[in-house]
Amino acid sequence: MLLNLLKAKIHCATVTEANLHYMGSITIDEALLEASGILPNERVQVVDNNNGARLETYVIPGPKGSGVICLNGAAARCAQPGDVVIIMAYAFMDETEARGYKPTVVMVDEKNRLKEIRHVEYPGQTK
């Protein structure tokens, strides 16, 4: 049996653009993708802290160091520039791997620049 667990997230990023006329996806600064381990074309869940909207889409890399977080296509209807979002990727793991896995959490500042990378560990987690 495989379990679906949080792999990585970009925490409290600020939406910089919403492009209704682009053909779908979320554009994310390549530096944040590298820091989080989220890959281009990977499916992600995006939750908007401002309005509670939740959506799934796939990632395309934006210019490295640009701070871009742009919701494209239909997703552009779910958030506005200035909204704060959490972008999460999940991975399938067997139970043994899942018990010791530490998700990567990328913390950003108000301009979506990398502040800190954390590897979350929970009480009682197997090492």
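Since every read-out is calculated from the coordinates, none of them should be taken as a lab result. If you're wondering where the values come from, they're calculated on a predicted model, not measured in any experiment. Methodologically, a virtual Cβ is constructed for each residue, glycine included, from the backbone with ideal geometry; neighbour enumeration extends over all protein chains shown.
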Filter segment 78-117 for residues that are within 14 Å of Val46 (Cα to Cα) and of a type in the set (Ser, Thr, Tyr) and give the result. Tyr90
Is it fair to say Tyr122 is exposed (fewer than 13 other Cβ atoms within 10 Å of the Cβ) and either acidic (Asp, Glu) or within 18 Å of Lys9 (Cα to Cα) (or both)? yes
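Being over 11 Å from the mean Cα position of the chain (by Cα) and surrounded by fewer than 18 Cβ atoms within 10 Å (Cβ to Cβ) narrows it down to one residue among Leu55, Leu39, Leu71; which is it? I'd like the intermediate steps shown before the answer.
Numbers: Leu39 fails: over 11 Å from the mean Cα position of the chain (by Cα); Leu71 fails: surrounded by fewer than 18 Cβ atoms within 10 Å (Cβ to Cβ).
On inspection, the qualifying residue turns out to be Leu55.
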Listed residues Ala18, Ala35, Ala8; which is closer than 16 Å to Asn112 by Cβ, in contact with a Cys (Cβ under 8 Å, 6 or more places away or on another chain) and touching a residue at least 60 places away in the same chain (Cβ under 8 Å)? Ala18
Give the residue that is farthest from the chain's Cα centre (by Cα), with candidates limited to residues of segment 92-115 that are more than 12 Å from Lys9 (Cα to Cα) and in a strand (DSSP E or B). Asp94
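Please find, within segment 8-20, the residue that is surrounded by the fewest Cβ atoms within 10 Å (Cβ to Cβ) out of those that are over 10 Å from the mean Cα position of the chain (by Cα) and not in a loop (DSSP other than H, G, I, E, B). Can you show your working first?
Initial filter on segment 8-20 (over 10 Å from the mean Cα position of the chain (by Cα)): 14-20.
Next cut, not in a loop (DSSP other than H, G, I, E, B) only: 14, 17-19.
Numbers: Thr14: 16, Glu17: 16, Ala18: 20, Asn19: 14.
Step by step, filter segment 8-20, then rank; the result is Asn19.
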